[in-house]
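Step one of this worksheet: look at the structure below.
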Amino acid sequence: TTNHLRHVESMASLPSGAGKISHLNAVILGEALASEENDFVFPSDDFSRQALIPSPHKYLEMYKRSIEDPAGFWSGIASSEFYWKQKWGDQVCSENLDVRKGDIKIEWFKGGITNICYNCLDRNIDAGLADKIALYWESNEPGFDAHLTYSQLLHRVCQLANYLKSIGVRKGDAVIVYLPMLMELPITMLACARIGAVHSVVFAGFSSESLAQRIVDCKPKVVITCNAVKRGPKTIHLKDIVDAALVESAKNGISIDVCLTYENQSALKKESTKWQEGRDVWWEDVVPKYPTTCDVEWVDAEDPLFLLYTSGSTGKPKGVLHTTGGYMVYTATTFKYAFDYKESDVYWCTADCGWITGHSYVTYGPKLNGATVVVYEGAPNYPDSGRCWDIVDKYKVTIFYTAPTLVRSLMRDGDEASCISNLVYTLKSLYVTRYSRKSLRVLGSVGEPINPSAWRWFFNVVGGSRCPISDTWWQTETGGFMITPLPGAWPQKPGSATFPFFGVQPVIVDEKGTEIDGECSGYLCVKGSWPGAFRTLYGDHERYETTYFRPFPGYYFTGDGCSRDKDGYHWLTGRVDDVINVSGHRIGTAEVESALVSHPQCAEAAVVGVEHEVKGQGIYAFVTLVEGVPYSEELRKSLILTVRNQIGAFAAPDKIHWAPGLPKTRSGKIMRRILRKIASRQLDELGDVSTLAEPGVVDQLIALADS
Ligand code: WTA
């Protein structure tokens, strides 16, 4: 194994002579190593020596303690590393995780009084970080940037907090945030937290209808947005989308008095922004007038911190609710250990704050640790595929956390060209290798399984074979990392999320809910609770219990499949429910279906996920048209447009498959198993179709597959 490692290391540096190129090609493309997928990749001795968790032994010691005495383990961390105005009551954790014993309840540090914004900013400033860079902001346009120190960030947060108070936002009120990756996004989250308001960030790629749906569900006091944003060469008029959403939500009885709008000058000028007097307020006109200090609203550890809507297996998005104390302790601790965080690190996570990754690992986890964070507004391949590494070099990024889909798309730039000639290949790989990247120390991956060949390219080419990769498995619901490598502690296996974080007990169960041991595969559940767990679905505790705690009573059900190998490493295999994962974005098949059937010419739709080279999964939609309506290219486009308008561009189907009928059982249930096989053209694996109400539809579908 060590020989093999040395081989990889020596191959991964930029080739100086043409002779090396074919070797490099092979390594990058994963070819040379394809037969060795289970090989270990060891951290270097140098890395391990300085690591927070330098050995499997140290990990095991801490892990054991966290499982045997969770209350002691977590309260030790909570009291030594955070500020509490008042200590929690007698019980660190009180929980019922078994539906057979009554309502599901999870509470950590109940009675403890704290504030997460205070812990992110004031506490770190008091500890001497006032002049440390808190945020580096990089604009979509190369050459435009800004930064804030911890004390400057606190001032900005306080000004906004004071403004929000002045318009009547109080503890417990919801605030909808529809902002791109400007510094104002984390500022807004922290300002809400400071005054005890509950932020609900909506990813600024969602359509006006999706935004309206969330506004109607959580009834915010105010909506915060900006006029426009540039992503790559495109300008997106966010304010127009908000305007449409507010019209829509007013129709549903929710009218919004204040729409606070930031002027994102590089994208659109004030004068060109549509405006509704009386409701719309320019951020720049009001916020800077407020004082730069603002008293903290002290809250209970179990008071809500934020709502984040995510997709499930039915059409209606779920408002995942996280509370303050446990989430704070959990995101900070997972950030620290999973990235082996050091004070000198510069950390960049490419995720948007509109998703959970941006909540836990752009805003809260890093800020609680006093980290310097890079926030990038734009597209990762703009103006070209070297942008990420340009940013890494510019800010001397040491920890780089991203999604497999980005890794694969940057890797593909090399792949495609390598088909043409090695010379072009070398030029293309220069997108990475022309930058030094020598500041990098730790890499991270999140959102979907990372395939071994992408893992190896990330490791060998991007990380120069010296940076461990933390492949972090977790979910919106879990608040923070659940299964993740701790860099330096363990040898890694490309594509495996390795072992559980402290305090987490993953179990693999069969379809009857029986735990299976050793080398096995099945449904991934979690036993016991951890501080970062979500506490409910907003306004629907019933759905919370039904979705997560009823399928396998006694456990939290993740919705993922997982296998464990002979060495105990965990391998996530993807969703086992009707959720698909497109470029790391969770999308419910039912959401896409209900968007499609809202089209007047669509009678029925069934959506399945299909393997996609770059996005992980693509969206494949079978569509039955209203009787008498002919198929046409125009109609195909209009169906896709309907989905874009109702959900967002990221949910647009990759393929519309015309379906005169859908395979159904005699009781009328769509047989998705068969649709998945047709979608992936595994036509010899259709299985038994004789139980279908009309077996003939299968042949019809196959005949229309490529029309
Ligand atoms: C998937 C994102 C494999 C998984 C943090 C999960 C992963 C869903 C990984 C949650 C990973 C996330 N390896 N699969 N490292 N990370 N997933 O809520 O299917 O947007 O259930 O949270 O993403 O997506 P969510």
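Miscellaneous remarks
- With the largest listed first and rounded to whole Å, the semi-axes of the equivalent ellipsoid of region 438-487 from the Cα gyration tensor are 21, 12, 7.
- Remark: for residue pairs LYS274/LYS318; LYS269/LYS289; LYS239/LYS318; LYS101/LYS171; LYS234/LYS270, the C-alpha separation exceeds 28 Å in LYS274/LYS318; LYS101/LYS171.
- Cα convex hull, region 533-625: 153 Å³ per residue, rounded to a whole number.
- From phi via Karplus (6.51, -1.76, 1.60), per-residue ³J(HN,Hα) for region 210-216 in Hz, x at Gly/Pro: 5, 4, 4, 4, 6, 5, 5
- Full extension of the chain between PHE42 and SER272 gives 77.2 nm of extra length, using 0.36 nm per residue less the Cα-Cα distance.
- Taking the inverse of the mean reciprocal distance over all distinct Cα pairs, the Kirkwood hydrodynamic radius of region 441-590 comes to 16.2 Å.
- Above 15 Å, the calculated P(r) of region 116-217 contains 66 percent of its Cα-Cα pairs.
- Long-range HN-HN contacts of ASP471 with modeled amide H, under 5 Å: SER445
- Nonlocal amide H pairs with LYS664, under 5 Å, H built at 1.01 Å: MET671, ALA693, GLU694
- Each Cα pair under 8 Å and six or more residues apart adds its separation to the average, and for region 496-536 the resulting relative contact order is 38 percent.
- Across the chain, Cα-Cα pairs farther apart than 45 Å form 20% of the total.
- Within the chain, longest stretch free of exposed GluC sites (Glu not before Pro) [DSSP loop, at most 14 other beta carbons within 10 Å]: 32-276
- Gain on full stretching of the segment that runs from LYS87 to ASP295 - 0.36 nm per residue minus C-alpha separation: 72.9 nm
- Loop-located trypsin sites (Lys or Arg not before Pro) in region 50-92 whose Cβ has at most 12 other Cβ within 10 Å (DSSP): LYS85
- Region 638-707 and region 506-548 have Cα centres lying 30 Å from one another.
- Label separation (ASP706 vs GLU613): 1.6 nm, computed from points 7 Å beyond Cα along the C-beta direction.
- Pair-distance distribution of region 596-694: all C-alpha pairs, bin width 5 Å, starting at 0; shares per bin in whole percent are 3, 12, 22, 23, 20, 14, 6, 1.
- In Hz, Karplus ³J(HN,Hα) per residue of region 505-516 (6.51, -1.76, 1.60; θ = phi - 60°; x = Gly, Pro): 10, x, 10, 10, 10, 8, 5, 8, x, 8, 5, 10
- Amide hydrogen proximity for GLY648: with H placed 1.01 Å from N in the peptide plane, the residues at 5 or more positions away or on another chain lying under 5 Å are SER207.
- Region 47-114 and region 375-409 have Cα centres spaced 34 Å apart.
- Largest-first ordering by accessible area, 1.4 Å probe, given options TYR163, TYR63: TYR63, TYR163
- Over region 259-342, relative contact order from alpha-carbon pairs under 8 Å, at least 6 apart, %: 20 percent
- THR665 accessible area, 1.4 Å probe, all protein chains in place, Å² to nearest 10: 30 Å²
- Heavy-atom accessible area per residue - the chain, 1.4 Å, Å²: 38 Å²
- The chain: relative contact order in percent, alpha carbon pairs under 8 Å with at least 6 residues between: 14 percent
- When DSSP beta bridges are restricted to pairs lying wholly in region 245-390, around 50% turn out antiparallel.
- Where Rh is the Kirkwood radius over Cα pairs, Rg/Rh for region 231-294: 1.03
- Computed over protein heavy atoms with a 1.4 angstrom probe, the accessible surface ordering of ARG535, ARG49, largest first, is ARG49, ARG535.
- Semi-axes of the equivalent ellipsoid for region 226-360, computed as √(5λ) from the eigenvalues of its C-alpha gyration tensor and ordered from largest down, come to 31, 21, 19 Å.
- HN-Hα J in Hz across region 549-566 - Karplus 6.51, -1.76, 1.60, θ = phi - 60°, x for Gly and Pro: 10, 7, x, 9, x, x, 10, 7, 9, 7, x, 10, x, 7, 10, 10, 8, 5
- Accessible carbon and sulfur surface of the chain relative to its total accessible area, %, 1.4 Å: 51 percent
The values are calculated or read from the model by the stated rules, or taken from the named source; none is laboratory data. Just so it is clear, the structure is predicted and the values come from calculations on it, not from any experiment. Here the Cβ is made from the backbone with ideal geometry for all residues, glycine too, and neighbour counts use every protein chain on show. When the accessible area is computed, the model is the full protein with side chains, heavy atoms only, and any ligands, DNA or RNA have been set aside. Shrake-Rupley method; radii C 1.70, N 1.55, O 1.52, S 1.80 Å.
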